[in-house]
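Structure record follows, encoded as structure tokens.
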Amino acid sequence: MVLTRTMMRAAIAAVLPLSLAGVGTVVTAAPAAASGSNRPGGWQNSATGTTGPTSLKDVRSIIGADTGVASLLTGAGVGVALLDTGVVPVSGLPAKQIVNGPDLSFESQADGLRYLDSYGHGTHMAGIIVGNDTASGSKGLAPGAKLTSVKLGTANGAVDVSQVIAAIDWVVANKDADPANPIRVINLSYGSGGNPSSTTDPLQFAVEQAWKAGIVVVAAAGNDGAAAGTLDDPATDPFVLSVGAADTNGTVSTADDEVAEFSSSGSAARPVDVLAPGESIISLRDPGSSIDVDYPAARVGDTLFRGSGTSQATAITSAAVALLLQARPWLTPDQVKNLLKRGTSLTGSRTTELNVGKALGLIADPSSTQKFRASTGNGKLDDARGDSRVLSNNIPLSGENSVWGPFRSANWAAFAAQKRSWVRGTWMGSTIAGTGWTGASWASKTWGAAAWAGGPWGGTPTWSDPSWSIRRWSSARWSTTDWSGARYTAGVDWATSTWG
């Protein structure tokens with residue numbers, strides 16, 4: 001079966017009206033600049049998935065969070081920033097635990113889509129962290145944490161690296177906005193396809209500034225398999241906590257766990273830091289979202305959905321970090337990383353799997369200070385993008401341009417280091433969000449919206465097509481009864497991508 005562009009748009013049309021704001025602009029994916037593993041995300045039908053569904057209750061046992069001190073923790077008092085595709089007000093997400101940060105996605109320009117998850121990915125991640133679905137009894141791993149959703153992706157996950165950088169900067173600038181729940185964790189289930197130098201990469205500079213500000217950045221390794229030989233950016237950054245996915249083989253014992261075949265493992269110079277369950281994880285369903293419409297067999301009852309990938313593993317790890325920080329709020333990010341790496345269980349004799357219970361039993365080393373060479377941030381933004389671009393009026397976003405205008409890395413890095421890249425709703429001189437908190441959403445509080453014209457690479461576009469395509473979200477493996485999709489096998493053109 002060939003998945004054509006028309007078919008894809010028809011699927012998305014069932015979820016979203018093709019009438020965002022204005023007419024005439026189509027945003028899609030550019031042809032790959034080179035062959036290789038840097039591909040935009042998609043869905044691949046295969047019959048290779050064998051692991052049965054894994055509930056969050058089972059995950060809690062696997063990571064050692066259901067006994068001892070860990071069983072008493074909920075993540076209360078810890079803020080977690082979810083940089084993803086937004087969240088929706090399903091019954092399993094308590095409004096009191098959710099804050100909507102700014103919507104920096106292209107869909108922010110549509111009143112009916114702003115803050116909401118038209119893709120289904122962000123809601124699934126949120127369910128893993130803070131969900132509480134009374135209908136099914138499924139509960140997130142840190143249900144007492146305060147989750148701030150910063151929406152970046154659209155109906156198929158599309159996002160540019162510049163939007164991710166702006167989101168990280170916003171979190172750093174606003175991490176103490178809620179003194180009772182300061183943001184201590186950033187969940188980045190996102191991976192850029194670029195392979196820039198870690199000593200100059202702007203994206204890695206951004207996550208390092210968050211790390212220096214006391215925020216543990218948890219980043220997905222990617223779903224390209226061990227053969228890729230590298231991690232996705234910014235998991236490549238040596239400072240952050242990179243997460244690979246473990247296949248639990250459908251049991252709560254870690255004795256039979258192994259590295260999931262799709263999980264990127266990195267290299268000897270930069271391997272993954274920890275593994276966490278990432279195969280067929282059951283979390284919240286986002287009814288009517290792109291993945292919900294395209295993969296109904298992945299539904300579990302009426303309220304849940306199951307999927308696989310390093311994204312799920314990342315969300316599990318972010319929740320574990322929240323538990324650890326609730327118990328020991330004085331820990332630095334370096335100490336958190338050190339404890340989680342030391343407090344692991346052996347997995348398949350190859351690497352180690354997260355165990356928050358063991359980590360809580362360890363004494364923090366006050367000298368746990370990472371001394372890697374830091375990024376200057378003055379490298380090329382284009383190097384972080386890889387080989388896939390958003391297009392406006394058939395012109396790809398490339399070069400030193402953000403979605404909103406010219407981007408000068410060295411200038412931005414100087415402002416970001418001083419926490420001055422954001423001034424209320426303006427990022428590096430471009431107004432892209434409101435000026436503060438409003439009450440205009442279902443969440444406990446919401447950052448206001450703003451109109452913006454879009455990037456200069458295509459004139460002054462008016463976003464009219466929600467079927468954007470760009471680099472994958474790193475958990476684009478959604479398991480059904482007989483498949484576990486990962487990514488395109490035939491490049492970036494929808495019309496030539498096939499289901500195996």
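We did not get these values from a lab; they are worked out from the coordinates using the rules stated. As the structure is a prediction and not an experimental result, all values here were calculated from the model. Virtual Cβ from ideal backbone geometry, glycine too; neighbours counted across all protein chains shown.
Here are the numbers:
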read-out	value
Over 21 Å (Cα to Cα) - which of Lys175/Lys341; Lys151/Lys380; Lys341/Lys380; Lys175/Lys212 fall in this group	Lys175/Lys341; Lys151/Lys380; Lys341/Lys380
Mean Cα-pair separation over length for region 110-150, i.e. relative contact order, pairs under 8 Å, 6 or more apart, %	30 percent
Whole-Hz couplings from phi, Karplus 6.51/-1.76/1.60, listed for region 159-175; x for Gly and Pro	6, 9, 4, 4, 5, 5, 4, 4, 5, 4, 4, 5, 4, 4, 5, 10, 5
Eligible aspartates and glutamates near Lys371 by straight Cα distance, threshold 14 Å, same-chain separation 8 or greater	Glu208, Asp237, Asp334
Environment charge at Pro143 (Cβ cut-off 13 Å; Lys +1, Arg +1, Asp -1, Glu -1)	+4
Förster radius 35 Å - calculated FRET efficiency between Gln370 and Ser253, Cβ distance, rounded to 0.05	0.60
Packing-based exposure ordering (other Cβ within 10 Å, fewest first) of Asp103, Asp247	Asp247, Asp103
Pair Ala269, Arg299: separation of 7 Å Cα→Cβ label points (nm)	4.8 nm
Rounded if a/c under 1.5, otherwise prolate or oblate - region 239-392, Cα gyration tensor axes	oblate
Local electrostatic count, Gly52, Cβ distance below 12 Å [Lys/Arg +1, Asp/Glu -1]	-2
Coil-residue trypsin sites (Lys or Arg not before Pro) of region 85-191, DSSP, other Cβ within 10 Å capped at 14	none
